Amino acid sequence: MKTEKFGFGIVGTGMIAGVVAEAIGKAKKARLAAVSSRKLENAKGFAEKYPGAAAVEGIDALLTRSDVDAVYVATPTVAKEAIALAAIAAGKHVLVDKPFDGHASAMRMTKAAAEKGLVFMDATHLVHNERTAAIQKAIGEQIGAPRSLYTAFYFPFDDYHNIRFDPKQEPTGALGDMAWYSMRAVVEYLRPKGKVSHALAVPERHAITKAVVRVSGLISFDSGEVSTFDVGWTAGTIVQDLLLLGTKGVISLDDFVLDWTKGFAFRRAEIPPGYVHRTGMATRADVTFVGAPTEIPQEVAMIEDFADLARGGSAAERAAYVEASLKTQEYLDALWKGMRG
């Protein structure tokens, strides 16, 4: 097994690419080898912040580098599949930012990676937070069988010149950008046993660009589980609420996407990491805060987990990540199809 750090190449130079580049720099098992952009000056401006990272022009120059073991794809949604497939064809593992351009696109990428024995993982940070595993372990004892999930995820954002407001590059707008996390919470916590029975999403669109900027909706399953959600960029504040209701209690979070304690947007060490549990006739004074310490930020844990998976993960572990990605996109597709207005 290799002992040197796992080499990442990044395609894209936007904000989220910077977040992951910083995470790679903090990871013990990885290093940023190179950054690619269609314009070399953009790649150079990005790479100069990360000592040792090379700047290259175009995807081909990145994929020929022997020090790149994996490619992180941080491009507009419509461009992700072509880049990921090129990386896979070049023998590189792929970490792809969410969302995808539909379930069929996700299937093509995951199938191509599996056929070459390579790792495909979506870049959903919360999956790798130690708190997520702690909640999953506690669900049965603390709340019984999960039956209903409510999530709300908003951040204040109104720059309509940003790519998020361009339906040609980000067709599903806030549904794909924000409700991805709501649907991932369905996969990770609600864990429906059946197929989608109903999917309804009601959007608000931007007056100028017509991009979807807010969505409220519902998705249900023929096994009885139901999830409602409310997401977007229009509330004027950050909202990250989650309520997981079971047969004998409730688990709740107010930071389910980016934890207050170590999440890259906050890093408030004075806020204890964990979640709230309530059961019976508990009032606000009677609820229990359950601590769930995390050693490293969830985005750094994602990089470490990816490197471990690429270098020695089992087939079952790889398949589990792929299944979660496909289910999340499947649920998003159902909502997009069921959108009204």
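The values are calculated or read from the model by the stated rules, or taken from the named source; none is laboratory data. The model shown is predicted, which means the values in this text are computed figures rather than measured ones. Accessible surface areas use protein heavy atoms only, side chains included; no ligands, DNA or RNA. Shrake-Rupley method; radii C 1.70, N 1.55, O 1.52, S 1.80 Å.
Miscellaneous remarks
- Taking every protein chain into account, the accessible area of the stretch 1-150 amounts to 42 square angstrom per residue (probe 1.4 Å).
- Residues whose placed amide H lies under 5 Å from that of Val213, excluding near-sequence neighbours: Ala174, Glu204, Arg205, His206
- Nearest-ten-degree value, helix 130-143 long axis tilted from longest Cα axis of the chain: 20 degrees
- Arg108 contributes an accessible area of around 120 Å² to the protein surface, as traced by a 1.4 Å probe with all chains present.
- Note on the chain: Cα-only Rg and Dmax are 19.8, 62 Å.
- For Tyr72, residues with placed amide H under 5 Å, excluding near neighbours: Gly9, Ile10, Val11, Leu95
- Rounded, prolate or oblate (a/c below 1.5 giving rounded, otherwise prolate when a/b exceeds b/c) for the stretch 51-105 by Cα gyration tensor: prolate
- Prolate/oblate/rounded label for the stretch 155-198 (Cα gyration tensor, a/c 1.5): prolate
- Take the stretch 156-199 with all the other protein chains still there, run a 1.4 Å probe, and you get 47 Å² of accessible area per residue.
- For the chain, with all protein chains in place and a probe radius of 1.4 Å, 55% of the accessible heavy-atom surface sits on carbon or sulfur.
- Within the assembled protein chains, the solvent-accessible surface assigned to Thr283 is about 70 Å², based on a 1.4 Å probe.
- Translational D in µm²/s for the stretch 1-136 (Stokes-Einstein at 25 °C, 0.890 mPa s, Kirkwood Rh from C-alpha pairs): 162 µm²/s
- Here the sum of -39500 (n - 2.57) over DSSP H runs of 4 or more residues, divided by the residues of the chain, equals -11000 deg cm²/dmol at 222 nm, to the nearest 500.
- 3J(HN,Hα) couplings calculated from phi for the stretch 180-186 with the Karplus curve 6.51 cos²θ - 1.76 cosθ + 1.60 (θ = phi - 60°) are, in sequence order, 3, 6, 5, 6, 5, 5, 4 Hz; Gly and Pro show x.
- In order along the stretch 318-332, phi translates into HN-Hα couplings of 5, 5, 5, 5, 5, 4, 5, 4, 5, 5, 4, 5, 4, 5, 4 Hz, rounded to whole numbers, per the Karplus curve 6.51 cos²θ - 1.76 cosθ + 1.60 with θ = phi - 60° and x for Gly and Pro.
- Amide H contacts of Ala145: Thr247, Lys248, each under 5 Å away and 5 or more positions distant or on a separate chain (H built 1.01 Å from N in the peptide plane; Pro and chain starts excluded).
- Gyration tensor (alpha-carbon) shape descriptor, the stretch 171-325, a/c threshold 1.5: rounded
- Computed from backbone phi, the HN-Hα couplings of the stretch 271-277 come to 8, x, x, x, 8, 10, 10 Hz, rounded to whole numbers (Karplus: 6.51 cos²θ - 1.76 cosθ + 1.60, θ = phi - 60°; Gly and Pro given as x).
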